[in-house]
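To keep things clear, I will list the structure first and then write my remarks on it.
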Amino acid sequence: MSAINFHKSLSISGHAGPVYAIVEDDSYIYSASGDKFIARWSKQLGIQDRFSIKLHDTPFALSLVDQSKLLVVGLQSGTLLVFDIEKRIEIKQLVGHNYGIFAFCEHRTNRHLYSSDANGNICVWDINTFDLVLKIPTNAGKIRRIILNESASSFVICCQDGTLRSFDCDSFNEIATFGNHLLGATAYVTFSELFSISGGKDAHLCVWNIHTNELVLRFPAHRFVIYDIISLLDGKIIVTASRDKTIKVWDTKNWDLIQKIEAKHGGHRFSVNTLMKQNEHSFVSCSDDQSIICWTC
């Protein structure tokens, strides 16, 4: 596993502000930036095409839904915008949140979109009509991530109160509360049939038994908050991104650090905000340094 080495395959620049969120379809990467623009970039060439959306507020969250036909944008104000990509027009403006929207998650089977905000609320939207199905107040503070489990039977949210909370996707009842990240839980992913891992503002990684929610291992991983985690190589490695400007690659067998990617290695110069998995061997990162980087091993 020590032979794993990610290298930069594509670098994208063009935003005039921090890049907070990225999503992709077969041909393009879409990005949301503090410059109040949504941009679209060729995955082959890294150049921007004519698709661009100027917003009245800062976008913090993006999602491609309905087989990538629709682009959903979550704004700092709490407004949720829906765009038809082919027609390049706004088709819906949804009001369900009164605080900044930080995360989306699509449930394709149930035809639901989950959104979360800075005040601990989860909204469930019907993707067919974009009617509000349900609003779930958690009283858990900012919810930075919503992650669907492998069977799509439940989802986990990462909460400012330090907890991770699991909800049933049909009844929306809370199944479990676990975790104890100081100052807030910020990232989570399942990487095997037995284990999941979370990161938080405490800069620690916590490994959990997904059947019992018992803590298996806890260790310091970064110098500042861990903003995102993804699993690659069928769970053999996980990749973490942090406000400390680094991306780190970990061996999940013994939790050795395999690779540390920082500015001197061609990485980001400022906070790394989001990681997007492309396949088991590649991912994309975005940063406060206004750039988007594609990585491959």
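The values are calculated or read from the model by the stated rules, or taken from the named source; none is laboratory data. Just so it is clear, the structure is predicted and the values come from calculations on it, not from any experiment. Here the Cβ positions follow ideal geometry from the backbone for every residue, glycine too, while neighbour counts run over all protein chains shown.
Miscellaneous remarks
- The residues of region 130-146 that are closer than 16 Å to Phe102 by Cβ, in a loop (DSSP other than H, G, I, E, B) and in contact (Cβ under 8 Å) with a residue 40 or more places away in the chain, listed by number, are Gly141, Lys142.
- Within region 1-56, the residues that satisfy the criterion of being closer than 11 Å to Ser291 by Cα, crowded, with 17+ Cβ neighbours inside 10 Å and hydroxyl-bearing (Ser, Thr, Tyr) are Tyr20, Ser31, Ser33.
- Residue within region 260-269 that is on the phi > 0 side of the Ramachandran plot and among the aliphatic types (A, V, I, L, M) present: no
Residues checked against (1) out of contact with any Pro (no Cβ under 9 Å at 6 or more places or on another chain); (2) modelled with pLDDT under 95; (3) under 16 Å from Ile146 (Cα atoms); (4) not in a strand (DSSP E or B):
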site	(1), (2), (3), (4)
Val72	yes, no, yes, no
Ser77	yes, no, no, yes
Leu81	no, no, no, no
Lys87	yes, yes, no, yes
Glu90	yes, no, no, no
Tyr99	yes, no, no, yes
Phe102	yes, no, yes, no
Glu106	yes, no, yes, no
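Results for (1) modelled with pLDDT of 95 or more; (2) within 15 Å of the chain's Cα centre (by Cα), shown as yes or no for each residue.
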residue: His15; (1), (2): yes, no
residue: Ala21; (1), (2): yes, yes
residue: Ile29; (1), (2): yes, yes
residue: Lys36; (1), (2): yes, no
residue: Ala39; (1), (2): yes, no
residue: Ser42; (1), (2): yes, no
residue: Arg50; (1), (2): no, no
residue: Ile53; (1), (2): yes, no
residue: Gln67; (1), (2): no, no
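- Residue check, Thr240 farther than 15 Å from Leu275 by Cα and of a type in the set (Ser, Thr, Tyr): no
- Condition met for Thr190 (surrounded by fewer than 20 Cβ atoms within 10 Å (Cβ to Cβ), within 20 Å of the chain's Cα centre (by Cα) and of a type in the set (S, T, N, Q)): yes
- Output for region 234-290, where each listed residue is buried (at least 17 other Cβ atoms within 10 Å of the Cβ), touching a Leu at 6+ places or on another chain (Cβ under 7 Å) and of a type in the set (D, E, K, R): Lys248
- Any hit, region 31-51, residues being closer than 23 Å to Val124 by Cβ and of a type in the set (Val, Ile, Thr): no
Residue-by-condition table, conditions (1) in contact (Cβ under 8 Å) with a residue 12 or more places away in the chain; (2) farther than 22 Å from Leu275 by Cβ; (3) not hydroxyl-bearing (Ser, Thr, Tyr):
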site: Gln48; (1), (2), (3): yes, no, yes
site: Lys54; (1), (2), (3): yes, yes, yes
site: Pro59; (1), (2), (3): yes, no, yes
site: Ser63; (1), (2), (3): yes, no, no
site: Ser68; (1), (2), (3): yes, no, no
site: Gln76; (1), (2), (3): yes, no, yes
site: Val82; (1), (2), (3): yes, yes, yes
site: Ile85; (1), (2), (3): yes, yes, yes
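- Candidate set from region 84-114 (those that are in contact with a Cys (Cβ under 9 Å, 6 or more places away or on another chain) and more than 17 Å from Gly141 (Cα to Cα)); member that is surrounded by the fewest Cβ atoms within 10 Å (Cβ to Cβ): Thr109
- In region 215-229 there is at least one residue matching the filter, namely being touching a Lys or Arg at 6+ places or on another chain (Cβ under 7 Å) and among the aromatic types (Phe, Trp, Tyr).
- The residue of region 154-173 that is surrounded by the fewest Cβ atoms within 10 Å (Cβ to Cβ), among those that are over 19 Å from the mean Cα position of the chain (by Cα) and without any contact (Cβ under 8 Å) to a residue 24 or more places away in the chain, is Ser171.
- Extreme residue, nearest to Leu64 (Cα to Cα), among residues of region 110-129 that are in contact (Cβ under 8 Å) with a residue 24 or more places away in the chain and part of a loop (DSSP other than H, G, I, E, B): Ile127
- In the set Ser166, Ser115, Ser151, Ser63, only one residue is at pLDDT below 95 and either of a type in the set (Asp, Glu) or under 27 Å from Phe191 (Cβ atoms) (or both); that residue is Ser151.
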